[in-house]
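Novice: The structure's right below; bear with me while I get my questions together.
Nothing in this text is a laboratory measurement; each read-out follows from the coordinates by a stated rule. Computed from a prediction, not measured in an experiment: that's the story for all the values here. Ideal geometry is used to build each Cβ from the backbone, glycine not excepted, and the neighbour counts take in all protein chains shown.
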Amino acid sequence: MTGAALLVSSDEQLLTRAIAGNRECMDELFRRYRLIAYRVAFRLLSNEADALDAVQEAFVKALTHLPSFEGRSSFKTWLLRVVSNASLDLGRQRGRREAVSMDALGQKNREDLEPLFIDEPGKGLERTDLRKVLQGALAKLPPAQRQTFVLHAEAELSYREVAEVLGISIGTVMSRLYYARQKLRAHLQYWTKPL
């Protein structure tokens, strides 16, 4: 299969070929979702090294269990469930660490995480500070609320998809998001007040 054909193939087509042993198709599936997987893991763990470890562990688990994927959800939601669970497991094993400074990530990775379009030099500093504050606020949420919020806000999953990933009802997703937003709003109120 050519590179161009891989790019236009659907997840389902790639998955069928990957399960049959096509390594290129498997690589393309993971290439499509590696950045979002990292972003979810980073937001859940607040630590670059731990996020990379969690994504690596999740991809190994997903690869190992790929033949047993039943297709009851999309590949993306299934993979993000594996990433999310691996992240929370790793977080419990290693204990929560303080948030890593976004400056330590380097310019290339920072652009991948959150693109910056800076019109004024001072705004770059404000956005960096705001990212640090947001990461700190996320770290203060209870794990279930943080996981739900990150999957919805960062991975851009619908309520239904978040419910599938977490194995909970849509009502529980809505409740967790409501309380997470309330806590984040309270924590970030200084940054949201007009000057």
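Novice: What nm distance separates the two modelled labels at A144 and Y179, each placed 7 Å from Cα along Cα→Cβ?
Specialist: Those two pseudo-labels are separated by 0.6 nm.
Novice: How big, in percent, is the set of alpha carbon pairs in region 1-97 lying more than 16 Å apart?
Specialist: Of all Cα-Cα distances in region 1-97, 53 percent exceed 16 Å.
Novice: Continuing with the same structure: How would K132, K183 line up from fewest to most surrounding beta-carbon atoms within 10 angstrom?
Specialist: K132, K183
Novice: Related question: In region 1-90, which GluC sites (Glu not before Pro) are in a loop and have at most 16 other Cβ atoms within 10 Å, using DSSP for the loop call?
Specialist: E70
Novice: Listed highest first by mean packing, meaning other Cβ atoms within 10 Å per residue, what order do 165-178, 138-151 come in?
Specialist: Put in order of decreasing packing, that is 138-151, 165-178.
Novice: Continuing with the same structure: Within 10 Å of each candidate Cβ there may be at most 14 other Cβ atoms; applying that plus a DSSP loop requirement, which trypsin sites (Lys or Arg not before Pro) in region 40-72 survive?
Specialist: R72
Novice: Using Cα pairs under 8 angstrom and six or more residues apart, how large is the relative contact order of region 1-97, in percent?
Specialist: Value for region 1-97: 28 percent.
Novice: Find how much the distance from T172 to R34 grows on full extension, using 0.36 nm per residue of separation minus their present alpha carbon separation; answer in nm with one decimal.
Specialist: Full-extension gain reported as 46.9 nm.
Novice: Could I ask something else about it? How large is the charge dipole for region 1-97, taken about the Cα centre, if only the Cβ atoms of Lys, Arg (+1) and Asp, Glu (-1) carry charge, to the nearest 20 debye? Please report the intermediate quantities before stating the final value.
Specialist: Values: 15 positive and 11 negative charges, 71 e Å.
The calculated dipole for region 1-97 is roughly 340 debye.
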